[in-house]
Amino acid sequence: MEKMILIRPGSISSDSRLGTILDAMDLTERVDEVIESEEQLHPIQSRKILFAISLDESGINLEWSRMLGTIRRDPWFFYGCTGGVIVDGVSELYTKSVGREAVLTANLAGCMFPGRGLVEGTGSLHNYEVAARNLSVDLPEAYQIYARELENRLSNFVPPKFLRPKILVLHASIRETSNTLRLWSMVKKHLTDSMEIQEISLQNGEINDCIGCPFTTCLHFSEKGRCYYGGVVVEQVYPALEECNGLIMLCPNYNDALSANLSASINRLTSLYRRRQFYDKYLYGIIVSGYSGGDIVASQLISSLSLNKTFILPPGFALMETANDPGAIQEVEDIEEKAKEFARKIRHQMCIGK
Ligand SMILES: Cc1cc2nc3c(=O)[nH]c(=O)nc-3n(C[C@H](O)[C@H](O)[C@H](O)COP(=O)(O)O)c2cc1C
């Protein structure tokens, strides 16, 4: 089996909690290089990488911060790699934010992530309450099982390719004025020859947010292919999502977040997700901010749809641009070239022989 590289910044003693997890995973046969410091870090191509990040009481790992700096300076740093991340914390906070920051940074440097590419251990391990109950094990054992399962999935991951992929595009913008929709149209014209594209607007009609039904009620609706609320999410988005091989989210930055309709429709996927997961589908994002903060919106897509809802995160999954006034996206330097290159990446990733 292909060997992996283990990046564990700051060296982890084997009597620490993360050290115990890694020891129990018995990686010696499956890892051929261990990188513990920024000085040892070097560009890596076409390899599987397991990141194991241990945080201190304040949620910081200084060696990892130094590594982030090096990775961010080179957009090809992890060209062709596939990754998985384990973040272990002492407190209840920051494991998720450090994890998704690691995923975003590595992804923008060319690293792909299979769905659910992050395993976290909060200080108390209370994040494994439900998993431990379902598996009839204690909290540390549940953590161990999840970490081993991630490593297994990473080892066996083969990205899917398609003859003529089906793409679902979700948006909630107004066509005449939206910079985000205009940027999508620049990308789209380079995809139509090789893909089947379906666009769904969440602008028309009211999108109710998830009401948070009890588990059994949600399951009951899920088995019938429905949700407590009906409407466009159930009637159009569910079937299109089941059919598609890739999802492109068109995201204007609204108060450093996804807009309300997009966010609500992601929450409403829970019912469909109970019936089928999305490990076989790619996630892409086109994000336009008026001023700044594209990385925050990208992180939101990563945690909601890839880390939680299991979509594959292909390398460089998001095209992020800044344009404020209506039509201003046209004025961004080399924008047509950037759109064309983003479309080329999508075709190269998803299509057989492209
Ligand atoms: C309600 C609202 C909130 C916004 N919040 C932000 C923001 O927090 N940061 C930012 O950079 N731009 C913000 N913008 C500007 C948009 O991101 C900007 O207009 C961009 O072109 C994308 O929107 P569009 O596709 O609708 O044109 C906001 C716009 C609206 C309408």
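The values are calculated or read from the model by the stated rules, or taken from the named source; none is laboratory data. Worth saying up front: this structure is predicted, and the values here are computed from it rather than measured. Note that each Cβ is placed from the backbone with ideal geometry, even for glycine, and that neighbours are counted across all protein chains shown.
The table for this structure:
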| item | result |
| --- | --- |
| Selection count, the range 233-274, where residues are more than 16 Å from the ligand (Cβ to nearest atom) and touching a strand residue (DSSP E or B) at 6+ places or on another chain (Cβ under 7 Å) | 10 |
| Exclusive hit being outside the structural domain of G316 (by TED's automatic domain parsing) and on the phi > 0 side of the Ramachandran plot, set G117, G84, G89, G110 | G110 |
| Matching entry among G285, G293 (being within 16 Å of the ligand (Cβ to nearest atom), of a type in the set (G, A, S) and in contact with a helix residue (DSSP H, G or I) (Cβ under 6 Å, 6 or more places away or on another chain)) | G285 |
| Residues of the range 314-341 classified as crowded, with 18+ Cβ neighbours inside 10 Å and more than 16 Å from the ligand (Cβ to nearest atom), total | 4 |
| Spans of helices (runs of 4 or more DSSP H) in the range 255-306 with at least 3 residues within 20 Å of W184 (Cβ to Cβ) and in the same structural domain as E206 (by TED's automatic domain parsing) | 260-267, 294-301 |
| Answer residue from the range 161-205, given it is assigned to a helix (DSSP H, G or I), of a type outside the set (A, V, I, L, M, F, W, C) and within 14 Å of the ligand (Cβ to nearest atom) and is nearest to the chain's Cα centre (by Cα) among those | T180 |
| Residues located in the range 201-251, provided they are modelled with pLDDT under 85 and on the phi > 0 side of the Ramachandran plot | G205, G225, G231 |
